[in-house]
Amino acid sequence: MTTTETSPTPSEPTTPRWTRYVAVGDSFTEGLWDPYPFDDGTPAPAGTESTAKQRGWADRLADELSARRAAGGERQLEYANLAIRGRLVRHILAEQVDVALEAEPDLVSLVGGGNDILRPQADIDMISAQLEQAVAKIRATGADVLLGTGFRAGGALSFTRGRTGQYNANIWSIARRHGAHVLDLWGMDSLFDLRVWSDDRIHLTPEGHRRVADAALVGLGLEPVDPDFDGVLDPLPPTDLVARARANAQWARTHVVPWVQRRIKHTSSGDGRQPKWPAPGTSWPPTD
């Protein structure tokens, strides 16, 4: 097993051994909100994130693995991303894992659980047991697995910390038992800063996804692109209580209320959506 705790970062880059990588999961792996730039390289303007093609840490990881393979004289990585926003762990396992295995990958990232943890009635041990069955199934094919811990949430989401800590303990145990790799999100100090989070405070900005992609490289036993990927950002000027209260109220109106309404209606932000890169290829986003 490779972890950030027990395996030192290599002193120099190595050529990744994986030839086909399939990512499964929820909105975090789908890449919200890290829109691809326009063809001329300019960023997608604010307000268009929900309609633009999403990039995210998994796409960025695939980019880097493929580039390192090419630099080492190996053929480019093939990559597919089956993740869909709003999915619970049981949906990820039922809808995506078998499809991923049909592609015969040698690397699968299986990262989810955030949507479950937000629900007070979530049975963390049951979710973890289901996840472990999927990990064993993937490992039985000979493929490597990259799992991910939950975030160390703060502010209004601090109530999730206990459940996240329980889930993370299970993740590390699963990884040890089955020889999986771990993307240690809980341990990333740089993510404990609102500037790497989008306005909804649940999904990352492009800068956040960039940092997580480097953490994923480390989790796989490879050198990060940016050695300071987990560096703490310079502190912001302090804000007064009134400004913070107004910001929190706006966040609740814009993001919390619609989330609650979807729970009441038993709908999901991912209803009707299809995977963004459903078949392994060497170009993403695929050229039209």
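The values are calculated or read from the model by the stated rules, or taken from the named source; none is laboratory data. Because the structure is a prediction, the values reported are computed rather than measured. Using ideal geometry, Cβ is built from the backbone for each residue, glycine included, and neighbour counts are taken over all protein chains shown. What goes into the accessible areas is simple: the full protein's heavy atoms, side chains included, and nothing from ligands, DNA or RNA. Shrake-Rupley method; radii C 1.70, N 1.55, O 1.52, S 1.80 Å.
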- [ ] Residues being in contact (Cβ under 8 Å) with a residue 60 or more places away in the chain and open to solvent by 10 Å² or more (accessible area, probe 1.4 Å): count how many of those fall in the stretch 201-210.
- [x] 5
Task: Count - residues of the stretch 53-89 that are out of contact with any strand residue (DSSP E or B) (no Cβ under 6 Å at 6 or more places or on another chain) and either hydroxyl-bearing (Ser, Thr, Tyr) or part of a helix (DSSP H, G or I) (or both) - done: 15
Task: Residues within the stretch 145-155 that are outside any loop (DSSP other than H, G, I, E, B) and over 30 Å from Arg17 (Cα atoms), tallied - done: 1
TODO: Look through the stretch 61-119, keep the residues that are aliphatic (A, V, I, L, M), out of contact with any Leu (no Cβ under 8 Å at 6 or more places or on another chain) and open to solvent by 50 Å² or more (accessible area, probe 1.4 Å), and return whichever of them is nearest to Leu157 (Cα to Cα).
DONE: Ala94
TODO: Go through (1) closer than 20 Å to Pro280 by Cβ; (2) assigned to a loop (DSSP other than H, G, I, E, B) and name the single condition Arg119 misses.
DONE: (1)
Task: Search result, residues across the stretch 155-200 that are in contact with a Gly (Cβ under 7 Å, 6 or more places away or on another chain) and open to solvent by 50 Å² or more (accessible area, probe 1.4 Å) - done: Trp186, Phe192
Open item on the list: Please verify whether Gly142 is over 21 Å from Arg20 (Cα atoms), at pLDDT 95 or above and not in a helix (DSSP H, G or I), treating the condition exactly as stated.
Closed with: no
- [ ] Tell me, yes or no, whether the stretch 75-94 has at least one residue that is modelled with pLDDT under 95 and among the β-branched types (Val, Ile, Thr).
- [x] no
TODO: Quickly run through the stretch 128-154 and pick out the residues that are in contact (Cβ under 8 Å) with a residue 24 or more places away in the chain, closer than 25 Å to Ile202 by Cα and open to solvent by less than 40 Å² (accessible area, probe 1.4 Å).
DONE: Ser128, Leu131, Val145, Leu146, Leu147, Gly148, Thr149, Gly150, Gly154
Task: Residues of the stretch 168-188 classified as assigned to a loop (DSSP other than H, G, I, E, B), of a type in the set (A, V, I, L, M, F, W, C) and touching a residue at least 40 places away in the same chain (Cβ under 8 Å), total - done: 2
Task: Single condition Ser158 does not satisfy, out of (1) in a helix (DSSP H, G or I); (2) modelled with pLDDT of 95 or more - done: (2)
Task: Yes/no for Asp125 being open to solvent by less than 20 Å² (accessible area, probe 1.4 Å) and either within 19 Å of Gly31 (Cβ to Cβ) or in a helix (DSSP H, G or I) (or both) - done: no
Open item on the list: Given the options Asp200, Asp193, Asp214, Asp184, name the one that is under 20 Å from the mean Cα position of the chain (by Cα), acidic (Asp, Glu), at pLDDT below 95 and under 25 Å from Val24 (Cα atoms).
Closed with: Asp200
TODO: Return a yes/no flag: does the stretch 99-113 have any residue that is in a helix (DSSP H, G or I) and within 21 Å of Trp172 (Cβ to Cβ).
DONE: no
